[in-house]
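First up is the structure itself, then whatever we jot down about it.
The values are calculated or read from the model by the stated rules, or taken from the named source; none is laboratory data. Please read these numbers as outputs of a predicted model, since none were measured by experiment. Note: ideal-geometry Cβ built from the backbone for every residue, glycine included; neighbour counts use all protein chains shown. These accessible areas exclude ligands, DNA and RNA; they are computed on the full protein's heavy atoms, side chains included. Shrake-Rupley method; radii C 1.70, N 1.55, O 1.52, S 1.80 Å.
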Amino acid sequence: MKRKNFTRLAIVFLLAATLQTPALPATRVATPTFPFAALAAEGEIPANVLAASNKAQRGRTLQAAVVMDIPRGLHVNSNRPLSRYTVATVVRVTAPRGVKVSPVRYPRAVVRKFEFSEERLAVYEGRAVMRFNLTFPENFPEGVARLRVVVNYQACSDTVCFQPDRKDMTLPIGVVGPDDPVQSINRNIFGGGRRRR
């Protein structure tokens, strides 16, 4: 009986001592961080959609193109990659109603072998130009037509591939009559050309 009382007393004493002990300050556990933004930026590919003239004439065809300037050390898969595990570069063009869009003509790919793949791959390096034509009907209203272009691609280095990416671009095109003058622009992409009247 005495032993039970002594045991109870010891438990009460220990509880009281525990309650009087000052609490330790909370410590913050450091969470490891990873530069995801920097990694994503490494796979960024500049792209633009350009036209061959400053305006489009009704009843005529306007040349246009998507230009990807791929940084040194990177490449993108071609529109017809040799491996089924790679993401193709695909250009999709949405034009206003009535405007006819030709099929996109992709550049010739370079076939290379990389460390991350056992297969040879068809890729674009440097400047890749994807061309297409826009034909505006004769009854198309004058004003500004907006062309929407989406480019899906996957950038890779010699050793690793980044997450597939997508570019959404809009090209505003001024539409004029068939006899109104237009000026050739972006000649480094489309060639010299002439001023048409």
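To the nearest 10 Å², what's residue 100's accessible area with a 1.4 Å probe?
Number for this one is 140 Å².
I need the chymotrypsin sites (Phe, Trp or Tyr not before Pro) found in the stretch 106-197, filtered to DSSP loop residues with at most 15 other beta carbons within 10 Å of theirs. Spell out each step's value before the answer.
On the way: sites: 114, 116, 124, 132, 153, 162, 190; in loops: 114, 116, 162.
Sparse-neighbourhood loop chymotrypsin sites (Phe, Trp or Tyr not before Pro): 116.
Report ³J(HN,Hα) in whole Hz for each residue of the stretch 147-155, in order, from the Karplus equation J = 6.51 cos²θ - 1.76 cosθ + 1.60 where θ = phi - 60°; Gly and Pro get x.
Result, rounded to whole Hz: 9, 9, 10, 10, 10, 9, 7, 9, 8.
Relative to 2.2 N^0.38 Å, what does the C-alpha radius of gyration of the stretch 116-197 come to as a ratio? Two decimals please. Let's see the in-between values first.
On the way: Rg = 18.6 Å, N = 82, 2.2 N^0.38 = 11.7 Å.
The reported ratio for this selection is 1.58.
How do 62-68, 105-111 rank on mean C-beta neighbours within 10 Å, highest first?
On the way: 62-68: 21.7, 105-111: 14.6.
Ranked by mean Cβ neighbours within 10 Å, highest first: 62-68, 105-111.
State the answer as a single residue: which of 68, 103, 86 lies farthest towards the positive end of the charge dipole of the stretch 39-106, with beta carbon charges of +1 for Lys and Arg and -1 for Asp and Glu, about the Cα centre.
The residue sitting farthest along the positive end of the dipole is 103.
Excluding ligands and nucleic acids, what accessible area in Å² is computed for residue 166 using a 1.4 Å probe, to the nearest 10?
Accessible area, nearest 10 Å²: 120 Å².
The stretch 83-123: D in µm²/s via Stokes-Einstein (Kirkwood Rh, Cα pairs, 4 °C, 1.567 mPa s)? Could the numbers behind the result be given before it?
On the way: Rh = 13.1 Å.
Translational diffusion coefficient: 99 µm²/s.
When the convex hull of the Cα atoms of the stretch 46-197 is projected onto a plane and the area is averaged over all directions, what value comes out in nm²? Numbers along the way, then the final one.
Details: hull surface 36.2 nm².
That works out to 9.1 nm², a quarter of the Cα hull's surface.
Percent of accessible area on the stretch 40-175 owned by carbon and sulfur, 1.4 Å probe?
With neighbouring chains kept in place, the figure for the stretch 40-175 is 46 percent.
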